[in-house]
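The values are calculated or read from the model by the stated rules, or taken from the named source; none is laboratory data. Because the structure is a prediction, the values reported are computed rather than measured. No Cβ is skipped: glycine too gets one built from the backbone with ideal geometry, and neighbour counts run over all protein chains shown. Please note that ligands, DNA and RNA were not included when accessible areas were found on the heavy atoms of the full protein model with its side chains. Shrake-Rupley method; radii C 1.70, N 1.55, O 1.52, S 1.80 Å.
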Amino acid sequence: MEQIPSKYDPKATEDKWYAWWQEHKMFKSTPDKREPYTIVIPPPNVTGVLHMGHMLNNTIQDILVRRARMAGKNACWVPGTDHASIATEAKVVDKLAKEGIRKTDLTREQFLEHAWEWTHKHGGIILEQLKKLGASCDWDRTCFTMDEKRSQSVIKVFVDLYNKGLIYRGIRMVNWDPAAQTAISDEEVNHREEHGKLYYLRYRLCPPEEGYIVVATTRPETIFGDVAVCIHPNNPKTALLKGKKVIVPVVGRTVPVIEDEYVDMEFGTGFLKVTPAHDANDYMLGEKYGLEIIDVFNDNGTLNAHGLQYEGMDRFAARRQIEKDLEALGLMEKVEPYTNSVGYSERTDVPIEPKLSMQWFLKMEQLAKPALEAVENDVIHFHPVKFKNMYRHWMENVKDWNISRQLWWGHRIPAWYLPEGGYAVAETAEEALTLARRQTGRDDLQPADLKQDEDCLDTWFSSWLWPLSVFDGINRPDNPDIRYYYPTNDLVTAPEIIFFWVARMIVSGFEYRKEACFRNVYFTGIVRDKLGRKMSKSLGNSPDPVVLMDKYGADGVRMGMLLTSPAGNDLPFDEALCEQGRNFNNKIWNAFRLVKGWQPDEQAQQPLTSAQACRWFEALLNRSIVEMDDLFDKYRLSEALMSAYKLFWNEFSAWYLEMIKPACGQPIDGKTHRATLAFFEKLLQLLHPFMPFITEELWHHLRERGAGESIMISALPRAGSQNPALIDAFDRLKETVAAVRSIRQEKNIPGREPLRLLHKGEAPCPELLAAMCRLSEIVPTDTPPEGAIRFMIRTTAFFVPLEGNIDAAEELRKLETELGRQEEFLAAVEKKLSNERFIGSAPAQVVATERKKKADAESRIQTLKGQICHFHRKKC
């Protein structure tokens with residue numbers, strides 16, 4: 001006990017044991033004859049820092065990995081980071097701007113030097129923070145999506161898919177992010193309902209016709225790209241305009257009126273302005289009718305030379321100015337409020353711009369089929385299963401993937417353009433030159449004649465290979481690691497990246513290994529504050545996880561995160577949960593100090609009460625082990641934690657320790673003490689995956705351990721006999737003890753005064769019952785004494801005679817006072833229920849509540865009257 005501090009110090013314990021685990025290579029995994037258990041970390045942004053979502057996700061992963069180790073598996077958790085093209089490049093551009101340097105002032109190579117410098121300076125912070133959480137990753141395997149092996153993998157896959165005819169280049173309408181100045185995929189666009197305006201513009205008829213038509217639009221700043229006005233061929237309201245021409249306001253361009261059934265006759269005025277460069281549907285009309293395409297925006301969202309006097313203005317500033325100018329020119333019919341859906345870039349949170357752009361695409365339709373079948377047929381299991389519907393919808397409607405980004409930070413597209421047109425796709429510049437010479441028949445081509453594509457690949461194009469590339473399975477498809485660790489077991493991730501990442505990883509797994517890349521996907525929920533808002537920096541409602549760990553300890557925060565975190569459901573986080581976790585740490589610590597503080601006497605005989613308690617807790621422990629095994633199999637980790645929590649707090653600490661504790665200053669018999677320490681060890685093992693630090697500390701305090709021994713590689717407890725009958729008997733015992741103690745409290749009977757307990761029916765565990773309730777005797781009876789307090793436990797009636805323990809007159813006065821109060825309450829409830837207006841207008845639930853109040857009051861009154869009758873020694 002001299003070695004065990006009186007208070008638990010999380011920081012000292014956590015620092016000590018994490019260093020010890022790393023020193024002893026406890027997290028390291030190499031292929032052997034054991035069953036492998038593999039998890040690959042969802043790679044966080046290389047320059048990111050730990051947030052609450054990371055905390056939840058990585059706590060769950062660590063729980064699964066630690067439990068797998070204790071189950072005897074060769075557990076391998078591969079850590080790593082993602083280069084995060086858009087986010088990282090934006091940070092580097094911002095840093096350079098503060099230094100007075102523009103990206104356009106630098107060559108690509110110069111910019112990349114700054115990007116790598118930034119990455120080396122800020123990268124890896126989040127991995128160090130994960131260590132503070134207790135993450136038991138094999139840090140020797142740490143990967144980065146732009147390290148040499150991963151980069152080689154990405155380029156090799158691009159070339160392979162291109163050669164298979166699955167990657168192509170073409171002009172398409174894309175989602176353009178004017179802030180990042182790159183194309184983004186449909187999945188990277190968030191749509192929001194916004195209150196805007198609907199502008200009704202006047203397009204004058206071409207002379208000799210007179211008058212004008214009115215065209216409704218939400219985007220007057222795009223009129224510079226108008227090349228037609230479209231009407232529905234069957235709309236009588238617009239039929240007179242067939243074959244006519246109109247003049248685009250401000251621009252002065254003459255454009256034809258065309259007909260197409262695409263036009264919604266009910267929207268606006270029935271006239272649709274056609275701007276093929278800035279609307280996906282208009283683009284289709286443009287292709288159908290061979291219309292000119294006029295792009296009016298620069299890449300940064302300002303108007304270009306087509307915007308005339310508005311050139312250089314931001315698109316939204318131009319919109320406001322054009323509204324004023326059209327009104328001044330008499331070309332604005334009216335403006336109405338209008339709510340529509342606006343797409344925002346997920347990365348930069350600015351409205352995206354539909355834009356025609358030359359991009360690289362990956363054909364997805366055929367690739368998606370085996371990935372869809374794997375989830376549909378439960379080759380891959382989703383937890384919870386509800387996310388199968390979301391996955392199915394996306395995979396059945398999958399579009400070609402736009403894989404190119406107009407950025408410098410990332411994997412540069414391995415395509416080299418030829419002097420006379422065309423291009424060569426190869427893994428290296430040297431291979432591209434050889435290929436170009438073969439394609440053109442020109443052996444005189446030199447490296448300087450080829451120009452590599454300026455764009456880089458979508459970040460997800462590297463992370464979709466993650467389960468393969470972390471084991472170098474693309475470059476060396478038959479190496480020992482990929483053969484042993486692949487497919488991985490579990491993926492823990494958020495449902496919002498089910499399309500970006502989960503689906504695409506499954507696709508790559510079937511394309512390159514012909515099998516699923518993991519067996520289970522555990523979807524976490526969103527961490528929300530007490531008001532139900534998603535935690536974010538902008539709202540200022542997200543606590544710093546590192547500060548939380550400093551305050552409550554890593555184990556306390558881990559437990560706090562898990563207590564209300566069922567798979568797939570959002571987590572309503574409250575810092576009080578971390579406090580509850582810290583309190584549980586203290587409970588474990590104090591219980592351990594209590595048990596280790598008892599002096600065992602090996603010569604003392606084990607009391608019957610202790611023997612009964614040991615048999616009961618062993619059965620209960622076995623039942624809990626079975627229950628936790630089942631919950632883990634179903635990925636109900638939050639419930640598994642709660643099961644262990646209740647077992648320790650409610651059963652072991654509150655009941656078992658009281659049942660076996662020795663009298664003050666007396667030793668405990670050796671048999672009970674050994675059994676208790678054995679129970680404690682198993683409890684620590686069950687809790688270890690959730691709370692690794694305190695359990696490792698106390699496991700070593702239990703008894704001497706050998707060099708390199710650790711709870712994390714000790715065997716999980718296995719269930720033995722559960723003995724349901726014994727557990728049920730003790731449940732009845734606990735209910736009976738609680739009832740007797742409640743009577744003592746209500747009647748102010750001191751704990752040192754013995755009571756008699758009579759029973760009609762079976763009394764559970766009488767020896768323990770007598771000891772825990774300080775009973776002088778437990779006697780069966782068919783005729784309960786008058787004046788005794790009666791209570792029921794299941795089918796057994798118990799009676800506590802109170803003669804000599806209480807002031808009968810005072811007790812009778814209390815009963816009669818309470819009876820009067822209850823009768824007044826009942827009268828008030830009955831009055832309310834007799835009111836037809838209340839019954840007719842109140843919600844059904846409210847009425848039901850009042851009726852329950854009435855029933856409860858009547859029951860209480862009946863009990864009180866019976867007790868009063870007993871005091872008067874008469875039958876009622």
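Do we find that Ala317 is open to solvent by less than 60 Å² (accessible area, probe 1.4 Å) and not β-branched (Val, Ile, Thr) in this structure?
Spelling it out, Ala317 is indeed open to solvent by less than 60 Å² (accessible area, probe 1.4 Å) and not β-branched (Val, Ile, Thr).
Whether any residue in segment 85-95 is within 28 Å of Met535 (Cα to Cα), among the β-branched types (Val, Ile, Thr), open to solvent by 10 Å² or more (accessible area, probe 1.4 Å) and assigned to a helix (DSSP H, G or I) is what I want to check.
Yes - at least one qualifying residue is present in segment 85-95.
Determine whether segment 97-112 contains at least one residue that is within 28 Å of the chain's Cα centre (by Cα) and of a type in the set (Asp, Glu).
No: zero hits.
If I filter segment 300-308 for residues that are under 43 Å from the mean Cα position of the chain (by Cα) and of a type in the set (Gly, Ala, Ser), do I get at least one hit?
yes
Which of the residues that make up segment 543-590 are in contact with an Asp or Glu (Cβ under 8 Å, 6 or more places away or on another chain) and small (Gly, Ala, Ser)?
Gly553, Ala554, Gly556, Gly560, Gly581
Scan segment 7-65 for residues that are in contact with an Asp or Glu (Cβ under 8 Å, 6 or more places away or on another chain) and either small (Gly, Ala, Ser) or on the phi > 0 side of the Ramachandran plot (or both) and jot them down.
Passing the criteria: only Ser29.
Hey, which of the strands (runs of 3 or more DSSP E) in segment 742-826, taking only ones fully inside, have at least 1 residues that are in contact with a Leu (Cβ under 6 Å, 6 or more places away or on another chain), open to solvent by 40 Å² or more (accessible area, probe 1.4 Å) and in contact (Cβ under 8 Å) with a residue 12 or more places away in the chain?
It comes to 775-780.
Only residues in segment 125-141 that are over 16 Å from Ala68 (Cα atoms) count as the first member; pair them with residues that are among the small types (Gly, Ala, Ser), Cβ under 6 angstrom, at least 6 apart or cross-chain, and list the lot.
Here the result reads Ile126/Gly48; Leu133/Ala554, each pair linking segment 125-141 to a residue that is among the small types (Gly, Ala, Ser).
Can you name every residue in segment 21-50 that is in contact (Cβ under 8 Å) with a residue 60 or more places away in the chain and more than 29 Å from the chain's Cα centre (by Cα)?
Of everything in segment 21-50, those that are in contact (Cβ under 8 Å) with a residue 60 or more places away in the chain and more than 29 Å from the chain's Cα centre (by Cα) turn out to be His24, Pro31.
Output the residues belonging to segment 43-84 that are surrounded by fewer than 23 Cβ atoms within 10 Å (Cβ to Cβ) and part of a loop (DSSP other than H, G, I, E, B).
Residues satisfying the conditions are Thr47, Gly48, Val49, Leu50, His51, Ala71, Gly72, Lys73.
Can you tell me which residue is nearest to Val214 (Cα to Cα) among those in segment 175-192 that are open to solvent by 10 Å² or more (accessible area, probe 1.4 Å) and in contact with a Ser or Thr (Cβ under 6 Å, 6 or more places away or on another chain)?
His191
Yes/no matrix, rows are residues, columns are (1) assigned to a strand (DSSP E or B); (2) without any contact (Cβ under 8 Å) to a residue 12 or more places away in the chain; (3) touching a Gly at 6+ places or on another chain (Cβ under 6 Å); (4) open to solvent by less than 10 Å² (accessible area, probe 1.4 Å):
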residue: Ile482; (1), (2), (3), (4): no, no, yes, yes
residue: Trp501; (1), (2), (3), (4): no, no, no, yes
residue: Arg504; (1), (2), (3), (4): no, no, no, yes
residue: Glu511; (1), (2), (3), (4): no, no, no, no
residue: Glu515; (1), (2), (3), (4): no, no, no, no
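Taking segment 409-459, which residues are assigned to a loop (DSSP other than H, G, I, E, B), of a type in the set (S, T, N, Q) and open to solvent by 20 Å² or more (accessible area, probe 1.4 Å)?
Of everything in segment 409-459, those that are assigned to a loop (DSSP other than H, G, I, E, B), of a type in the set (S, T, N, Q) and open to solvent by 20 Å² or more (accessible area, probe 1.4 Å) turn out to be Thr428, Gln446.
With the requirement that a residue be closer than 23 Å to Phe523 by Cβ, in contact (Cβ under 8 Å) with a residue 40 or more places away in the chain and touching a helix residue (DSSP H, G or I) at 6+ places or on another chain (Cβ under 6 Å), what does segment 618-636 give you?
Hits for segment 618-636 are Met628, Phe632.
Suppose we filter segment 1-20 for residues that are under 31 Å from the mean Cα position of the chain (by Cα) and assigned to a loop (DSSP other than H, G, I, E, B); how many remain?
2
Looking at (1) more than 26 Å from Glu187 (Cβ to Cβ); (2) in a loop (DSSP other than H, G, I, E, B); (3) in contact (Cβ under 8 Å) with a residue 24 or more places away in the chain; (4) within 46 Å of the chain's Cα centre (by Cα), which is the only condition Gly330 fails?
For Gly330, the exception is condition (4).
Got at least one residue in segment 148-165 being under 30 Å from Glu14 (Cβ atoms), open to solvent by 10 Å² or more (accessible area, probe 1.4 Å) and polar (S, T, N, Q)?
no
Does segment 344-365 include one or more residues that are in contact with a Leu (Cβ under 9 Å, 6 or more places away or on another chain), open to solvent by 50 Å² or more (accessible area, probe 1.4 Å) and either small (Gly, Ala, Ser) or in contact (Cβ under 8 Å) with a residue 60 or more places away in the chain (or both)?
yes
Among the residues of segment 697-719, what is the count of those that are touching a residue at least 12 places away in the same chain (Cβ under 8 Å), open to solvent by 40 Å² or more (accessible area, probe 1.4 Å) and not in a helix (DSSP H, G or I)?
Total satisfying the criteria: 4.
With under 30 Å from His191 (Cβ atoms), among the charged types (D, E, K, R) and at pLDDT below 95 as the only criterion, which of Arg528, Arg504 stands out?
The match here is Arg528.
Those residues that are open to solvent by 70 Å² or more (accessible area, probe 1.4 Å) and under 30 Å from Glu746 (Cα atoms), I need them from segment 827-848; list them, please.
Selection gives Glu830 alone.
Among the residues of segment 623-644, which ones are surrounded by 21 or more Cβ atoms within 10 Å (Cβ to Cβ) and part of a helix (DSSP H, G or I)?
Ser624, Ile625, Met628, Leu637, Ala640, Leu641, Ala644
Would you check which residues across segment 560-591 are under 22 Å from Pro384 (Cβ atoms), touching a residue at least 40 places away in the same chain (Cβ under 8 Å) and either part of a helix (DSSP H, G or I) or open to solvent by 50 Å² or more (accessible area, probe 1.4 Å) (or both) and list them?
Once the filter is applied, which keeps residues that are under 22 Å from Pro384 (Cβ atoms), touching a residue at least 40 places away in the same chain (Cβ under 8 Å) and either part of a helix (DSSP H, G or I) or open to solvent by 50 Å² or more (accessible area, probe 1.4 Å) (or both), segment 560-591 yields Met561, Leu562, Leu563, Pro566, Asn569, Asp570, Pro572.
Residues in segment 325-339: is at least one touching a Gly at 6+ places or on another chain (Cβ under 7 Å) and surrounded by 13 or more Cβ atoms within 10 Å (Cβ to Cβ)?
Scanning segment 325-339 turns up at least one residue that is touching a Gly at 6+ places or on another chain (Cβ under 7 Å) and surrounded by 13 or more Cβ atoms within 10 Å (Cβ to Cβ).
Pull up segment 21-42, narrow it to residues that are part of a loop (DSSP other than H, G, I, E, B) and of a type in the set (Ser, Thr, Tyr), then point me to the one that is least open to solvent (accessible area, probe 1.4 Å).
Out of the qualifying residues, it is Ser29.
Please go through (1) touching a Pro at 6+ places or on another chain (Cβ under 8 Å); (2) part of a loop (DSSP other than H, G, I, E, B) for Gly540 and return the number of the only condition it doesn't satisfy.
Failing condition for Gly540: (1).
Looking at this structure, is Lys197 among the basic types (Lys, Arg) and farther than 22 Å from Arg320 by Cβ?
no
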